[in-house]
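Inspection log for the structure reproduced underneath, given as structure tokens.
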Amino acid sequence: QVELVESGGGLVQAGGSLRLSCAASGENFSPYPMGWFRQGPGKEREFVATINWSGERTFYADSVKGRFTISKDNAKNTVYLQLNSLKPEDTAVYYCAGSSVWRGPASGSMASYSYWGQGTQVTVSS
């Protein structure tokens with residue numbers, strides 16, 4: 001069974017930081033792109049960050065650019081999202097996603113991803 005499990009979410013004060021982890025099992029994601037998406041209260045799921053298969057290229061939504069950093073540790077089959085300078089509007093359920101495109105590019109489209117985690121809640125208080 002392919003499984004992506006997010007961790008690291010929680011309640012944090014505005015301006016603070018969190019580090020989200022996504023551990024994959026059942027499939028080696030080293031040669032595949034990964035991404036992070038989020039869904040805030042009353043909003044549809046939106047793109048946050050993505051990284052290509054090798055970890056050499058990354059792209060971010062404008063709303064998080066300069067504050068969030070995505071990284072990929074192929075040896076550990078894990079992808080991370082570092083969230084800095086958090087704002088209340090960052091409050092959302094954050095989802096990890098894995099692609100099935102071998103040596104594929106980074107992608108901000110949900111259609112590019114075949115596997116999804118269950119999500120982890122990030123709540124930013126003011």
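Net charge dipole, the chain: roughly 200 debye, given to the nearest 20, about the Cα centre with Cβ charges of +1 for Lys and Arg and -1 for Asp and Glu. A 1.4 Å probe run over the chain, with the rest of the protein chains in place, finds 49 Å² accessible per residue. Once you divide the Cα radius of gyration of segment 11-68 by 2.2 N^0.38 Å, the number left is 1.30.
Shape annotation for segment 33-126: C-alpha extents along the principal axes are 41, 24, 23 Å, from largest to smallest.
Can you put T58, T91, T50 in order of accessible area, largest first, using a 1.4 Å probe? If you can, show how the numbers build up before the last one.
On the way: T58 55, T91 30, T50 0 Å².
Final ranking, largest accessible area leading: T58, T91, T50.
Going through segment 18-122, which chymotrypsin sites (Phe, Trp or Tyr not before Pro) have at most 15 other Cβ atoms within 10 Å and a DSSP loop state? When the chymotrypsin sites (Phe, Trp or Tyr not before Pro) of segment 18-122 are filtered for loop state and at most 15 Cβ neighbours within 10 Å, W102 remain. Expressed as a whole percent, the accessible surface of the chain that belongs to carbon and sulfur atoms is 47, based on a 1.4 Å probe. Of the GluC sites (Glu not before Pro) found in segment 7-77, the ones in coil according to DSSP and having at most 14 other Cβ atoms within 10 Å of their Cβ are E44, E56.
Given Cα pairs under 8 Å that are at least 6 residues apart, what percent is the relative contact order of segment 1-108? Can you show the working numbers first?
Working: 247 pairs, mean separation 39.8, N = 108.
The normalised contact order for segment 1-108 reaches 37 percent.
Residues of the chain were split at every exposed loop site, defined as trypsin sites (Lys or Arg not before Pro) in a DSSP loop with at most 14 other C-beta atoms within 10 angstrom, and the longest piece left, sites excluded, is 1-42.
The values are calculated or read from the model by the stated rules, or taken from the named source; none is laboratory data. Worth saying up front: this structure is predicted, and the values here are computed from it rather than measured. Positions of Cβ are backbone-derived with ideal geometry, glycine not excepted, and every protein chain shown enters the neighbour counts. When the accessible area is computed, the model is the full protein with side chains, heavy atoms only, and any ligands, DNA or RNA have been set aside. Shrake-Rupley method; radii C 1.70, N 1.55, O 1.52, S 1.80 Å.
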